[in-house]
Amino acid sequence: MHEMNNIAASDLNLLMVLEALLEERHVSRAALRLNRSQPAVSHALARLRDIFNDPLLVRGDEGLQPTARALYLQEPLAEALALVRSMMEQPGFNPSQTERLFRLSISDYGAAILLPALVSRLRRDAPLVDLSVVSYGRDRALAALTDGEIDLAVGVYPTLKQQAHRDLRSLSLFKETFACLIDAGYSQTPIDLAAYLSRPHVQISVALQDNSEIDGMLARLGHKRRIAIQIPHWSIAPDLVRGTDLILTAARRSLAHLANNELICCEVPFAMPTFPFVQTWHRRRDRDQAHRWLRQQIAELASSKDVGGGQPA
């Protein structure tokens, strides 16, 4: 293809810009992916348009949309860049010498069962790798991945399969179930549905708009519980249950170890499906060796008995 030859002769980096633009369909996100400024990417797009004598990407209702010419170029472009990368990719990756800051979103629950083991492994195997951890609500975490604000999100994300998140990849770390935590002095076990509905509840939710699987299932059964206390932090929740009639319904791994003479961990009194605890990332990170290495560490730790009593998904 004559135009492709002209690009290869003048500036191979233009091919990478075109690839990023076709996949991201957004100048800012393409710039973030390429670690370049937005004006630099816009200038590269202008050069590409001159070379191909085609707009390549035009504004549409959902950002930039590729022209017919751009779609025709996409497959040979991917093949050409795959060949170049195979020749240039470093044969080895050494985590002990990698300097990197990773930005993660993880819930209180996920942090409690995963972060201590992950940090210990990083200090041992990758001492120059730093972590910056936030706890975003579900919707915000997925939006932050798309926008490049964070590198990885770990948690429960029921909306991952929606079309809006088609550029996000995910890996299930383990399957989780719900359980209840109640004060031993306020209830006999097992607790039945009538008692469950008559008692006030604690709900842990980082964002007010985050949907609760528990309330969704109750609504389908024609019931509704009373949320007496809603808090954003997991760590204080068991203390709110202790000595009160409150019920906390949460992931079993976060509750089972709290059972003692004062607190009881028991079954939810209605059928609830298991749900996946996952790590998710944007596809722009697929070829990032350091990112792949971090995902592998998280997957190994999540399947280990040393992390929250977990079993492989």
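What follows draws every value from the coordinates through simple rules; no lab data is involved. Note that the structure is predicted; figures quoted are calculated from it, not measured. Glycine gets a Cβ as well: all are built from the backbone with ideal geometry, and neighbour counts include every protein chain shown.
From least to most packed, judged by other beta carbons within 10 angstrom and beginning with the fewest, Met217, Met16 follow the order Met217, Met16.
Couplings 3J(HN,Hα) for segment 111-118, derived from phi with the Karplus relation 6.51 cos²θ - 1.76 cosθ + 1.60 (θ = phi - 60°), are 4, 5, 8, 10, 4, x, 5, 5 Hz, where x marks Gly and Pro. Near the amide H of Leu57, within less than 5 Å, lie the amide hydrogens of Thr67, all on another chain or at least 5 residues away, with H placed in the peptide plane. Between amide H atoms placed 1.01 Å from N, distances below 5 Å from Arg103 occur with Ser132, Asp151, Leu152, all of them 5 or more places distant or on a separate chain. Here the Karplus curve 6.51 cos²θ - 1.76 cosθ + 1.60, taken at θ = phi - 60°, turns the phi angles of segment 79-84 into couplings of 5, 5, 6, 4, 5, 4 Hz, with x standing for Gly and Pro.
Projecting the Cα atoms of Leu193, Phe174, Ala228 onto the charge dipole of the chain (Cβ charges, centred on the Cα centre) puts Leu193 farthest toward the positive pole. Think of segment 65-167 as a dipole: +1 on every Lys or Arg Cβ, -1 on every Asp or Glu Cβ, centred on the Cα centre; then among Pro116, Ala141, Val129, Pro116 lies furthest on the positive end. Extension gain, Thr274 to Asn53: 0.36 nm times the residue separation minus the Cα-Cα distance gives 74.2 nm. Positive-end ranking of Ala299, Phe93, Leu32 along the dipole of the chain, with charges on Cβ about the Cα centre, is headed by Ala299. For Val129, the residues whose modelled amide H falls within less than 5 Å of its own, excluding neighbours fewer than 5 places apart on the same chain, are Arg100.
Explain nothing, just the number: dipole magnitude of the chain about its Cα centre with +1 on each Lys and Arg Cβ and -1 on each Asp and Glu Cβ, in debye rounded to the nearest 20.
Numbers: 35 positive and 35 negative charges, 25 e Å.
It works out to roughly 120 debye.
Helices in the chain, meaning DSSP H runs of at least 4 residues, each add -39500 (n - 2.57). Divided by all residues, the mean residue ellipticity at 222 nm is -12500 deg cm²/dmol.
Relative contact order of the chain, taken over Cα pairs closer than 8 Å and 6 or more residues apart, is 20 percent. In a reduced charge model with +1 at each Lys and Arg Cβ and -1 at each Asp and Glu Cβ, segment 32-153 shows a dipole moment near 240 debye about its Cα centre.
Label-to-label distance for Arg123 and Asp245 is 4.6 nm, based on points extended 7 Å past Cα in the beta-carbon direction. Here each label is just a point 7 Å from Cα along the line to Cβ, and for Thr67 and Glu300 those points are 4.9 nm apart. Modelled this way, with points 7 Å down the Cα-to-C-beta line, the labels at Arg283 and Ser170 are 1.6 nm from one another.
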